[in-house]
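Inspection log for the structure reproduced underneath, given as structure tokens.
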Amino acid sequence: MYYFIVNKTSGNGRSTKIWSEIEKILIEKDVRYTVLLSKNKIEVLEYISTIKNATNQVDGVVALGGDGTIHEIINELLGSVVPFTVIPTGSGNDFARARGITKNYQQEIERILQKGQQKIDLLKVGDRHCMTVVGIGFDGKVAKEANELKLKKWLGGLAYFFIIFKVLINYKPTYTRLLLNGKERIFEKVWLIAIANHPYYGGGMKICPNAKSNDGKIDICIIHSLPKWRLLFILAAVFTGKHVSMKGVDYVQVEQVEVESNEPLYVTADGEMMGQTPTTVTINKNAFHVIS
């Protein structure tokens, strides 16, 4: 039995249309399935509770949605051996991008039915787990603005492009203290700190190009000590991952990071608000099963 979770609001209703086509494929192939066309988080939580109680009868959980949908599901599904994957219909789709999952739903259904799976790491921030990237500072503020933007569902990944310039106008870098595996490092004028399990965030920005979800490491990109105009060049290079060799960018791998700042900074995980600094992020190795 395959369990599908369709976020009806994802992609301005695109997920519902795609589901209707996927359902035809499943019926044609005589695949046993059940589906939740979700309107809110409460429905999703109740559905996942049912799935966890029927673990031995579950071949996989498949979400039609974006990174926000994934974030909610993994935090509820965590602790079970049920494998998970996504058919991307959101605005960012960074988890799908990192995993090589395409928008070709016919192709993805064929892959899902092959029943391959593997374990991957997750990031833990506070009492929540994160699949992709924890963003702190400038990028945390951008994510907050993106979540509040009513036009996000229409603009898709372009939303982040416009919001970056909006936030940049008034944003000021901050003094930040990091404990990297217990070793202190001080950074002046920090613009952003990205703590990654997968390379992408913000709708395709390759912020931590070396990040892998099966290496037991956290990749961290710190952008600091730059004038505002120079930051724009760095952000432009982020889409290709070439920024890591530029002046003002530090890139490290650790298993734990603690972040403190002289002013509270927004913290996001998978694009969802997690609060403000101070915060601690650790790696939870081999914590989650995914369909490969």
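Here are the numbers for this structure:
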{"item": "Residue that is farthest from residue 172 (Cα to Cα) [pool: residues in the stretch 266-292 that are out of contact with any His (no Cβ under 9 Å at 6 or more places or on another chain) and not in a strand (DSSP E or B)]", "result": "292"}
{"item": "Meets criteria (over 16 Å from the mean Cα position of the chain (by Cα) and at pLDDT 95 or above) for residue 281", "result": "no"}
{"item": "Residues of the stretch 224-235 classified as within 20 Å of the chain's Cα centre (by Cα) and free of Cβ contacts under 8 Å to residues at least 40 places away in the same chain, total", "result": "0"}
{"item": "Pairs with Cβ under 8 Å, 6+ apart, first in the stretch 31-47 and touching a residue at least 60 places away in the same chain (Cβ under 8 Å), second part of a strand (DSSP E or B) and surrounded by 13 or more Cβ atoms within 10 Å (Cβ to Cβ)", "result": "31/2"}
{"item": "1 or more residues under 20 Å from the mean Cα position of the chain (by Cα) and at pLDDT 80 or above: qualifying helices (runs of 4 or more DSSP H) within the stretch 99-169", "result": "105-113, 138-148, 158-168"}
{"item": "Meets criteria (surrounded by fewer than 14 Cβ atoms within 10 Å (Cβ to Cβ), at pLDDT 95 or above, at negative phi and not aromatic (Phe, Trp, Tyr)) for residue 214", "result": "yes"}
{"item": "Matching residues in the stretch 1-60 - criterion: being part of a loop (DSSP other than H, G, I, E, B) and not small (Gly, Ala, Ser)", "result": "1, 8, 9, 29, 30, 31, 32, 39, 40, 58, 59"}
{"item": "Of all residues in the stretch 1-20 being hydroxyl-bearing (Ser, Thr, Tyr) and closer than 24 Å to residue 147 by Cβ, the one that is surrounded by the most Cβ atoms within 10 Å (Cβ to Cβ)", "result": "15"}
{"item": "Top-ranked residue in the stretch 93-110 [being surrounded by 15 or more Cβ atoms within 10 Å (Cβ to Cβ) and in contact (Cβ under 8 Å) with a residue 40 or more places away in the chain; ranked as nearest to residue 66 (Cα to Cα)]", "result": "93"}
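Listed here are the residues, each with its yes/no results for (1) at pLDDT below 90; (2) over 14 Å from residue 80 (Cβ atoms).
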position: 7; (1), (2): yes, yes
position: 20; (1), (2): no, yes
position: 30; (1), (2): no, yes
position: 33; (1), (2): no, yes
position: 39; (1), (2): yes, yes
position: 48; (1), (2): no, no
position: 53; (1), (2): yes, no
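The values are calculated or read from the model by the stated rules, or taken from the named source; none is laboratory data. Model, not experiment: these values are computed from the prediction. Don't worry about glycine lacking a Cβ; one is built from the backbone with ideal geometry, like all the others, and counts go over all protein chains shown.
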